[in-house]
Each structure stands twice: as C-alpha cells, then as structure tokens.
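The structure under discussion appears below in the form of structure tokens.
Here, each number is a calculation from the coordinates, and none is a lab measurement. From a predicted model like this one, the values you see are computed outputs, not experimental measurements. Note: ideal-geometry Cβ built from the backbone for every residue, glycine included; neighbour counts use all protein chains shown.
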Amino acid sequence: MIMKKKHADPVGVLEIAQRLGVRDRTVHMWLYRGIVPDPDYSSVNGSRAWEWTTVLEWAGRTGHVYDEVAKSEYASKHGKEVAVSRPGPKKVAV
C-alpha cells in the first residue's frame, strides 16, 4: 500500500507574520510570551519552523488571524470562522 505524503509547508517567523497579517515583531512577542505552539521542526536553515497548518489552527482558534486570505483558509479547513480577537491598543488622539 502506497501512502500519500502530506504536502509540507514549513514557515518561519517572517512567513507567519506575512500570512497572518502582522509584523514579525508581533510574532517574536508571541514567542517570548510562550503562546505560539512548539515548532514542528527544530531547525530549517538554522531557524525554528512550523507547519503552516499548525500555525493556522492555533491562530484561528485564538483570534490571531488578521489577514483575510488566512481567515478564509481557516474557515474552509475548519468549517468555522476565526475566533474574535481582542481589540488592539487604543489610539491616542494628538
């Protein structure tokens, strides 16, 4: 029996930031706070890496998806909308 290998889609911090619609500093802060899942790969080209499906599932469940394409992908794969995220910091009028 031949088993089909699932398509690997490893992503690093920069790709995560781009696909979720945030800055890479935001992803680094999530890592610092320990809220991002453990990496799926200990080293890809010397850096931590995750499967995109791992990141998308976590981000959709926790409300950390800000890009419309990623929101649609999450809804398509999981049959539900992205969790509502907390509002960002209030902007102070100058």
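Taking every alpha-carbon pair under 8 Å whose residues sit at least 6 apart, the stretch 10-78 reaches a relative contact order of 34 percent. When the square roots of the Cα gyration tensor eigenvalues are ordered a ≥ b ≥ c, the ratio a/c for the stretch 10-78 is 1.5 or more and a/b exceeds b/c, which makes its shape prolate.
Sequence-ordered 3J(HN,Hα) estimates for the stretch 35-46 from the Karplus curve with 6.51, -1.76 and 1.60 and θ = phi - 60° stand at 9, 8, x, 4, x, 7, 10, 6, 7, 10, 6, x Hz, glycine and proline given as x. A simple spin-label model places pseudo-atoms 7 Å from Cα toward Cβ; at Asp24 and His78 they are separated by 2.6 nm. Which residues among the stretch 57-78 fall inside the zone where the amide N is under 14 Å from a point 7 Å beyond the Cα of Ile35, along Cα→Cβ? Residues 58-66 qualify, since their backbone N sits under 14 Å from the label point.
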